[in-house]
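Since the structure comes first, as structure tokens, the remarks are kept for the end.
Coordinate-derived values only; no laboratory data. All values derive from a computational prediction rather than experimental measurement. Because the Cβ atoms are built from the backbone with ideal geometry, glycine has one as well, and the counts that use them run over all protein chains shown.
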Amino acid sequence: MKRAVLLLLLVAMPLAGQTATYRVRFERPYTLHVTATLPIDGDALEMTATRPGNVAAVDVRGWPALVRNLRVAPPSRRPAARRLASPTVHGWRLPHPMHGRITIRYDVDYAPLAAAGWPAPRETAFADAGNFVVIGRSLFITTPAMRGARVTFDLPRGWHAVMPSTDEIVDNLVVFTRAAPDVVTAGRFRLTVCAMGHWRAQRAEVRRRLAPAVARFVRTFDFRERANYLVVLLPQAEHGGESFHDSFALTVDDPADAPAWANLIAHEVFHFWNGWRLRGADYASSQWFQEGFTEYEANRATGLDKLAKHVENYRRLAQSLEDGTRKGPPLYSAGALVAFAWDVMIRDATGGKRTLDDFWRALWLQTEGGRRPWTWPDLRAALDRTAPRDWEAFYRAHIHGREPLPLDEIFAVSSRQSWGAPTSPAGN
């Protein structure tokens, strides 16, 4: 057996005693056995309630439906508790509150998902002859007292465990694979790519297209922290992606359409900064920024010109940008056009000396590296630091209000700038 150790600690850990330890090993095909020592102060063992809604095995009972043979050894080393309350979508209740550290042992059986042909492979699990991918939500039982974790993997010879080395073990993918993953680095940011099935033939193209995008993102934020991100390229021939805290699973209809999938991957990687760390204080009213600005940056990083498509989508927008209760291409394209407009306006106001990149760095500082959710005054403060314009008037008219974006003016200005921005699409 091969042992791989990943240390996953929260940025601020008050007490070492609040660190959980997990040992994960293959028990049999599609089954993982877990031994964990967890800090506890109460009677709750938890699994996240977030799950796909179209997977019969977990639809009613949640992730606990995959757990078998759960045993609990209490802090006092009395005999293991054998009678636990019936699991719900949230976990289990112990017979009585416990305080200290407990040891639990359990199996996670993915055979029902294998029998069903791996439904929702981007969100649950997937396996083939050389790979086994699971979402941490399905694997790790936690307690409210946890503040970090150490994870050890015991695997058969020739297998590797791949997992983002961050502070989040539940909301990330875990990959067990026989193949060495591909790695793209920029500064201290490390992007790991696990390519499966028909993606194996695209490995060099994936690296070629993602390397400059990742380097651009790191420069944009002047990002100097050590961080890891995992991209899992699944072999199913369907179009879809699922983003997690520091990882992303992708399926596409046509792996040969490199510009499309490169833009999609770049979009999700940029969410590492804008979405997971830079977050709006209100989810619905911030989606124009979270998704639209992320799409604009992905387009820039991959060289994909989608401005004409964004304008076409924007014409179908039937609500203000802050009404994010109806998400979709019109709202996201509207946000991308706002990003383009701000980029043009910043360049125009500073004689080309500053760009939207300077705004991102100002917002990163304004929110203390994403530790504080932003509101419009934060965006305005970052814009004010970047370039002198009446940003409040723009916000009230075109974001909070429903006045159309001044696209004719913006495209006219961009056509005179030296950055080579596309001119206005026909008809605008």
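Figure the gain on full extension for residue 128 and residue 402 (residue separation times 0.36 nm, minus the Cα-Cα span) and round it to one decimal in nm.
93.6 nm
Return the Rg/Rh ratio of the range 284-415 with Cα-based radii and a Kirkwood Rh.
0.93
Gain in length, residue 412 to residue 54, computed as 0.36 nm per residue apart minus the alpha-carbon separation, to one decimal in nm?
124.1 nm
Report the label-to-label distance for residue 35 and residue 154 in nanometres (one decimal), using points 7 Å from each Cα along the Cα→Cβ vector.
Those two pseudo-labels are separated by 0.5 nm.
Step through the residues of the range 26-32 one at a time and calculate ³J(HN,Hα) from phi using the Karplus curve (6.51 cos²θ - 1.76 cosθ + 1.60, θ = phi - 60°), rounding each to whole Hz and writing x for Gly and Pro.
Residue by residue, the range 26-32 yields 5, 9, 6, x, 6, 10, 10 Hz.
Counting each DSSP H run of 4 or more residues in the chain as -39500 (n - 2.57), what helix-only mean residue ellipticity at 222 nm follows after dividing by all residues, to the nearest 500 deg cm²/dmol?
Calculated mean residue ellipticity at 222 nm is -8500 deg cm²/dmol.
Just name one of 176, 319, 285: the one whose Cα is farthest towards the positive end of the charge dipole of the chain (beta-carbon charges, Lys/Arg +1, Asp/Glu -1).
Highest projection toward the positive end goes to 176.
Quick check on packing: order 358-364, 400-406, 251-257 by the mean number of other C-beta atoms within 10 Å, highest mean leading.
In descending order of packing, they fall as 358-364, 251-257, 400-406.
Just to confirm a number: summing +1 for Lys and Arg and -1 for Asp and Glu over residues other than residue 310 whose beta-carbon lies under 14 angstrom from that of residue 310, what do you get?
Its environment carries a net charge of -1.
Give me the one-decimal nm value for the distance between modelled label points at residue 203 and residue 326, 7 Å along each residue's Cα-to-Cβ direction.
4.7
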